[in-house]
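Just so it is clear, none of the values below were taken in a lab; they were calculated from the coordinates. None of these values were measured; they are calculated from a predicted model. No Cβ is skipped: glycine too gets one built from the backbone with ideal geometry, and neighbour counts run over all protein chains shown.
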Amino acid sequence: MARSCQSCGMPLVKDPQGGGTEADGSLSVSYCSICYDAGAFRHPDVSLADFQEHCVEALMRSGMPKIMAWLFTRGIPRLERWKDS
């Protein structure tokens, strides 16, 4: 089981839904509920750079300082979803 979302990097234990869902309704072991629902990504056509910026903005809205939010998103390109990007 993945310890963090393989799209955004959020620890799955912090996901209030416990993870995203697969097409059959089962819990995803790889993706969080913010990124993944019913077997599909919520932002399917987003570029890696745009997704990183989206994540920085979301973290800042939750109260994180911009530099910390930026640092948290630097690992996103190494996650499974983005390996071929």
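Under 5 Å between amide hydrogens, built in the peptide plane, is the criterion, and for Thr21 it picks out Ser28, Asp37, Ala38, Gly39 among residues at least 5 positions away or on other chains. Ordered by the number of other Cβ atoms lying within 10 Å of each residue's own Cβ, fewest first, Val56, Val13, Val29 fall into the sequence Val13, Val29, Val56.
Against the chain, whose longest principal axis is taken from its Cα atoms, helix 48-61 shows a tilt of about 80°. A Förster radius of 35 Å, combined with the Cβ-Cβ distance separating Glu80 from Met60, puts the computed FRET efficiency at roughly 0.90. Estimated from the Cβ-Cβ distance and a Förster radius of 22 angstrom, the FRET efficiency linking Val13 and Met68 is about 0.70. The candidate values were [x] 1.04; [y] 2.43; [z] 1.46; the one computed from these coordinates for Cα Rg over 2.2 N^0.38 Å carries the label [x]. Modelled spin-label separation between Leu48 and Val29, with each label point placed 7 Å from Cα along the Cα-to-Cβ direction: 2.6 nm.
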